[in-house]
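S.K.: One structure follows; several queries about it will come next.
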Amino acid sequence: PSTKDIVRKVACPIKLFDYLATGLPVVTVNGLWWSDLVKIHNIGLAVEDEPKSFAEAINELLSSPDKIDAMSRKAIDLIERQYNWREMTKKLLEIYSKII
């Protein structure tokens, strides 16, 4: 789990996108920009920044194969549609074109 220090608040957690690309639902802590992403797209669980909440969320997922399957499909779909190098490159090139 990540902490809510300043580095985590501004950094991009590449491992999050690696996990999602393989269809692995994630458990993260509330209060980080990617916890909103997880909640909005229902691709994992976002919990309080404490070990007990984190453990309970992991157990919730492990005891719900249907929930894991649904989140897994949503995660893969999100990566294929939006968070992949092809789409990110298009957005970056659009920004560069406006600047130049």
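S.K.: Given H placed on each backbone N at 1.01 Å, which residues far from Val47 in sequence or on other chains put an amide H within less than 5 Å of it?
M.R.: Under 5 Å from the amide H of Val47: Thr28, Val29, Asn30.
S.K.: As an exercise, find the ratio Rg/Rh for the chain from alpha-carbon atoms, using the Kirkwood inverse-distance average for Rh.
M.R.: Across the chain, the Cα-based Rg/Rh ratio is 1.04.
S.K.: Could you rank the peptides 18-28, 63-73 by their average count of other C-beta atoms within 10 Å per residue, with the highest value first?
M.R.: 18-28, 63-73
S.K.: About its Cα centre, what dipole magnitude does the chain give when the only charges are +1 on Lys and Arg Cβ and -1 on Asp and Glu Cβ, stated in debye to the nearest 20?
M.R.: 460
S.K.: Pairs of alpha-carbon atoms within less than 8 angstrom and 6+ residues apart define the contacts here; what relative contact order does the chain have, in percent? Don't skip to the answer; put the middle values down first.
M.R.: Values: 102 pairs, mean separation 27.1, N = 100.
With pairs under 8 Å counted, the relative contact order is 27 percent.
S.K.: With unit charges on the beta carbon (Lys/Arg positive, Asp/Glu negative), name the residue among Leu62, Asn30, Ser97 whose Cα is farthest towards the positive pole of the charge dipole of the chain.
M.R.: Towards the positive end, the residue furthest out is Ser97.
S.K.: Here's another thing I want to ask about it. Which residues in the range 72-87 have a backbone N closer than 19 Å to a point placed 7 Å from the Cα of Ile99 along the Cα-to-Cβ line?
M.R.: Only 85-87 fall inside the zone, counting backbone N under 19 Å.
S.K.: Could you tell me what percent of the accessible area of the chain is made up of carbon and sulfur, with a 1.4 Å probe and every protein chain present? Can you show the working numbers first?
M.R.: On the way: 4060 of 6790 Å².
It is 60 percent, rounded to a whole number.
S.K.: When all protein chains stay in place, what accessible area (Å², nearest 10, 1.4 Å probe) is found for Leu62?
M.R.: Surface accessible to solvent at Leu62 totals approximately 130 Å².
S.K.: Order Tyr96, Tyr83 by their accessible area, 1.4 angstrom probe, all chains in place, largest first.
M.R.: Tyr96, Tyr83
The values are calculated or read from the model by the stated rules, or taken from the named source; none is laboratory data. Keep in mind that what you see is a predicted model, and the values were worked out from it rather than measured. Reconstructed Cβ throughout: ideal geometry from the backbone, glycine too, with neighbour counts over all protein chains shown. The area values use the complete protein model at the heavy-atom level, side chains included, leaving out ligands, DNA and RNA. Shrake-Rupley method; radii C 1.70, N 1.55, O 1.52, S 1.80 Å.
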